[in-house]
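**Q** Here it is, the structure, as structure tokens.
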């Protein structure tokens, strides 16, 4: 590359083999970059994860920074991350040509550090506004943490204006960013899928409906739980597995949407590693992502790469990403979701035919991480010249 023997890239954001979207993006992309790009990742972690130590893997060095929140103050974790990450960055002995950040907290930690004059790529995983803003303020309006919510909205808007380049995963989200910050440079680079790890396996599928993601109302998990009432009455042998360790709501919240027919057919499996997910996908027969408002779910694309019939909602940019490849239902509609689940179960052979599987797999292959890493590398090299 003209001008550099090695490109030094500093990444600020979560790293690790988890089902979290931002950590999956960072982990997959940095290991897909060329060997002449040296990467240092400064990754926040929970204080209780004391077993996490930094390490070096090839051209990638990972530095973990313990974070957390102010005791008794929900929503304060963002400010704690800003302060602790900024402190770690100030102590970091590294000379990057480029900084890549993955949240407003990561961006402001970079801005408060000695690297603030280094060009910055900010990857936007969601805009805190519109639906997110209303949902968060409804949840927090009785709490002083709504002040943190307002602050984080302001911080993200300022991030849009100050970052050198903004990347995001869909045209819809790109337009939303430009509506907030019209002069920003926005580059659309979607999330990806590891089509080597996630592919159809020649194993018998079980009568399992699978969800993978945060246990959150915004993800529509309660809608899926409620839809199982109808499904269980007609197909009592089918079960629902819920995978995810981030409990935005306690288990008791989701149990309110169960009845006697579903309570024994729904299992909360908790958090799993990304390495365990292909095994679960090989056993499940249907994958459901019932989100009320979300974008590019990596877990849904991984299910498509595994050939499984998938259901998701017709919300916002989802038609752009999944239209014609996953069955679509209105968001927040348990009856419509139940009817779609029962239709697939009733006629499973056609939904799992070789041609239907090939359609889903071919779509997922368009987002292979090797392609996504190549897009990011081209962007990084162009900015570092």
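No lab work stands behind these numbers, since they all come straight from the coordinates. Computed from a predicted model, the values in this text were never measured in an experiment. Cβ atoms come from the backbone with ideal geometry, glycine included; neighbour counts cover every protein chain shown.
**Q** For an R0 of 22 angstrom, estimate the FRET efficiency from the Cβ-Cβ distance between residue 208 and residue 319 and round to the nearest 0.05.
**A** Efficiency computed from Cβ-Cβ geometry: 0.20.
**Q** Measure of size requested: the Rg and Dmax of the range 217-364, with Cα atoms as the atom set and Å as the unit; please supply both.
**A** 14.5, 41
**Q** I'd like the orientation of helix 171-180 relative to the chain: the angle between its Cα long axis and the longest Cα principal axis, in ° from 0 to 90, rounded to 10.
**A** Tilt relative to the chain: about 50 degrees.
**Q** Hey, what did the chain get for relative contact order, percent, Cα under 8 Å, at least 6 apart?
**A** Across the chain, relative contact order equals 16 percent.
**Q** Another one. Please identify which residues in the range 13-29 have an amide N closer than 11 Å to a label point set 7 Å out from the Cα of residue 94, following the Cα→Cβ vector.
**A** 13
**Q** Can I ask one more? Taking neighbour counts of Cβ atoms within 10 Å as a proxy for exposure, in what order, fewest first, do 262, 359 appear?
**A** Going from least to most buried by this count: 359, 262.
**Q** Calculate, for residue 346 and residue 46, the FRET efficiency according to 1/(1 + (r/R0)^6) with r their C-beta to C-beta distance and R0 51 Å; round to the nearest 0.05.
**A** Here the calculated transfer efficiency is 0.70.
**Q** Okay, moving on. Just from its helices, what would the mean residue ellipticity at 222 nm be for the chain, if runs of 4 or more DSSP H residues each count -39500 (n - 2.57) and the sum is divided by every residue, rounded to the nearest 500 deg cm²/dmol?
**A** -12000 deg cm²/dmol
**Q** Using R₀ = 35 Å, calculate the FRET efficiency as 1/(1 + (r/R₀)^6) where r is the Cβ-Cβ separation of residue 55 and residue 268; round to 0.05.
**A** The pair residue 55/residue 268 has a calculated efficiency of 0.65.
**Q** Sticking with this one: Going by how many other Cβ atoms sit within 10 Å of their own, how do 347, 368 line up, fewest first?
**A** The order, fewest Cβ neighbours first, is 347, 368.
**Q** With axes computed from alpha carbons, what is the tilt in degrees of helix 354-365 against the longest principal axis of the chain, rounded to the nearest 10 within 0 to 90?
**A** Compared with the principal axis, the helix lies near 10 degrees.
**Q** Also: At 0.36 nm per residue, minus the direct Cα-Cα distance, what do residue 358 and residue 117 gain on full extension? Give it in nm, one decimal, please.
**A** Extra length from residue 358 to residue 117 when fully extended: 82.0 nm.
**Q** Please rank 241, 154, 369, fewest neighbouring Cβ atoms within 10 Å first, as an exposure proxy.
**A** Fewest-to-most ranking of 241, 154, 369: 154, 241, 369.
**Q** Any chance you could give the angle, 0 to 90 degrees and rounded to 10, that helix 130-140 forms with the longest Cα principal axis of the chain?
**A** Roughly 80 degrees between the two axes.
**Q** Given Cα positions, please report Rg to Rh for the chain, the hydrodynamic radius being the Kirkwood one.
**A** When Rh is taken as the Kirkwood radius, the ratio is 0.97.
**Q** If each residue of separation counts as 0.36 nm, what is the full-extension length gain between residue 339 and residue 35 once their alpha-carbon separation is subtracted?
**A** Separation in residues times 0.36 nm, less the Cα-Cα distance, equals 104.4 nm.
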